[in-house]
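**Student:** Please see the structure below; I have some questions.
Every number here is computed from the coordinates shown, using simple stated rules; none is lab data. All figures in this text were calculated on a predicted structure; none of them were measured in a lab. For neighbour counting, all protein chains shown are included, and Cβ atoms are generated from backbone atoms with ideal geometry for every residue, glycine included.
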Amino acid sequence: MVDVSNHTLVPDHNLLEEGELEEVLEEYNIQKTDLPKIKRTDPALTKEAEVGDVVKIVRDSRTTDEAVVYRLVVE
């Protein structure tokens, strides 16, 4: 079976540490549950991701070089 998370077309998916998460939530003045969701079964997620974790996804962008989005891992 192919590990899709290592494919060149899949953007980086990194788990946020608690401190980083607090900074993001404070910066955007939101709750963790206000974030868009990503299913735990998404093949792009690492095996370490658990329900309730927040993932930082960094994509290439034509206009800003990088686009950063955050997703809450759900069941």
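**Student:** I'm trying to understand the selection: among the residues of segment 1-23, which are of a type in the set (Val, Ile, Thr), outside any helix (DSSP H, G or I) and either closer than 21 Å to ASP60 by Cβ or touching a His at 6+ places or on another chain (Cβ under 8 Å) (or both)? Break it down into steps so the answer makes sense when it comes.
**Tutor:** So in segment 1-23, the residues of a type in the set (Val, Ile, Thr) come out as 2, 4, 8, 10.
From what's left, outside any helix (DSSP H, G or I): 2, 8, 10.
THR8, VAL10, listed by residue number.
**Student:** Can you name the residue in segment 16-51 that is among the aliphatic types (A, V, I, L, M) and without any contact (Cβ under 8 Å) to a residue 40 or more places away in the chain and is also farthest from SER5 (Cα to Cα) among such residues? If you could, list the steps in order and put the result at the bottom.
**Tutor:** Of all residues in segment 16-51, those among the aliphatic types (A, V, I, L, M) come to 16, 21, 24-25, 30, 35, 38, 44-45, 49, 51.
Among the residues that remain, those that are also without any contact (Cβ under 8 Å) to a residue 40 or more places away in the chain are: 21, 25, 30, 35, 38, 49, 51.
Working: LEU21: 22, LEU25: 26, ILE30: 28, LEU35: 21, ILE38: 14, ALA49: 12, VAL51: 18 Å.
Here the residue is ILE30.
**Student:** If I filter segment 10-42 down to residues being of a type in the set (A, V, I, L, M) and surrounded by 13 or more Cβ atoms within 10 Å (Cβ to Cβ), which single residue comes out as farthest from TYR70 (Cα to Cα)?
**Tutor:** Start the filter on segment 10-42 by keeping residues that are of a type in the set (A, V, I, L, M), which leaves 10, 15-16, 21, 24-25, 30, 35, 38.
Within this subset, residues satisfying the condition of being surrounded by 13 or more Cβ atoms within 10 Å (Cβ to Cβ) are 10, 15-16, 21, 24-25, 35, 38.
Working: VAL10: 15, LEU15: 10, LEU16: 9, LEU21: 10, VAL24: 9, LEU25: 10, LEU35: 7, ILE38: 9 Å.
Step by step, filter segment 10-42, then rank; the result is VAL10.
**Student:** Considering only segment 24-55, how many residues are within 15 Å of the chain's Cα centre (by Cα) and not in a loop (DSSP other than H, G, I, E, B)? Steps first, please.
**Tutor:** Taking segment 24-55 first, the residues within 15 Å of the chain's Cα centre (by Cα) are 24-25, 32-55.
Filter once more, keeping what is not in a loop (DSSP other than H, G, I, E, B): 24-25, 32-34, 37-39, 54-55.
Of the residues in that region, 10 qualify.
**Student:** In this structure, does VAL58 turn out to be in contact (Cβ under 8 Å) with a residue 40 or more places away in the chain, out of contact with any Phe, Trp or Tyr (no Cβ under 8 Å at 6 or more places or on another chain), outside any loop (DSSP other than H, G, I, E, B) and among the β-branched types (Val, Ile, Thr)? Give the derivation first.
**Tutor:** Values: in contact (Cβ under 8 Å) with a residue 40 or more places away in the chain: yes; out of contact with any Phe, Trp or Tyr (no Cβ under 8 Å at 6 or more places or on another chain): yes; outside any loop (DSSP other than H, G, I, E, B): yes; among the β-branched types (Val, Ile, Thr): yes.
Spelling it out, VAL58 is indeed in contact (Cβ under 8 Å) with a residue 40 or more places away in the chain, out of contact with any Phe, Trp or Tyr (no Cβ under 8 Å at 6 or more places or on another chain), outside any loop (DSSP other than H, G, I, E, B) and among the β-branched types (Val, Ile, Thr).
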